[in-house]
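Only one structure is covered here, and it is reproduced in the block below.
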Amino acid sequence: MKGLILKDIYMIRKYCVSYLFLLIIFLFSGFVSDNTFFLAYPCILVSMIPMSLYTYDDKEQFCAYFMTLPVSREQYVSAKYILGIICTAVGIVLTSISVLINALPPSLIITVLALSLVVPSFSFPFLFKFGPEKGRLIYMTAVAVASALSFTAGIGSNAEFTNSGISAVILVIFAFLIYFASWFISVKLYNNRNL
């Protein structure tokens with residue numbers, strides 16, 4: 001599985017330069033503005049990377065090729081979820097810098113982390129069940145739902161919710177539970193899928 005993760009890291013360097021460019025733009029905007037959208041978007045952006053890499057794998061027929069290697073479907077799916085955690089961690093570090101510079105509530109970091117986990121959690125199972133084309137539509141829907149939830153929770157306006165450390169911790173624990181449940185479901189779906 002380590003090889004699968006390294007392969008994805010190499011692919012990020014080759015195919016995901018545009019993500020880095022957008023990340024820099026939004027992080028710079030976050031440094032000069034206290035608009036929380038600019039703080040949340042980089043994390044959601046990097047959470048898209050494993051899904052984009054799966055699209056490349058499918059396009060280049062790697063999903064069929066890896067079946068000839070000593071790699072199980074469970075390991076392939078797990079590599080994507082682990083990469084998602086790595087990408088989210090990088091996004092959170094960069095977001096934390098923006099939060100500290102703008103003197104925003106630290107609990108906002110936890111809330112952004114929760115959003116970054118929830119969005120791929122809803123998208124990955126559909127992606128591994130139906131493939132990248134239909135999965136992309138599901139992802140767009142998940143982003144819209146996450147945006148609506150963040151607005152309802154008052155994240156966009158720095159409402160009292162984001163200042164409540166207890167609420168933020170509960171939210172991120174719930175998000176991790178959803179992420180690991182999604183991981184389990186994706187493994188089951190991908191094991192039953194005809195490639």
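No value in this document is a laboratory result; all are computed from the given coordinates. Fair warning: this is a prediction, and the values are worked out from it, not measured in the lab. Methodologically, a virtual Cβ is constructed for each residue, glycine included, from the backbone with ideal geometry; neighbour enumeration extends over all protein chains shown.
Only lysines eight or more places from residue 134 in sequence, or on another chain, were considered; those with a Cα closer than 25 Å are 7, 14, 59, 80, 188. Taking only the Cα atoms of region 14-137, the radius of gyration and Dmax are 16.0, 52 Å. What is the calculated FRET efficiency for residue 137 to residue 101, with r their C-beta to C-beta distance and R₀ = 35 Å, to the nearest 0.05? With R0 = 35 Å, the Cβ-Cβ based efficiency is 0.45. Segment residue 1..residue 170, full-extension length gain: 57.7 nm, with 0.36 nm per residue of separation and the alpha-carbon distance subtracted.
Annotation: extensible slack from residue 60 through residue 9 equals 16.7 nm (criterion: 0.36 nm per residue apart, minus Cα-Cα distance).
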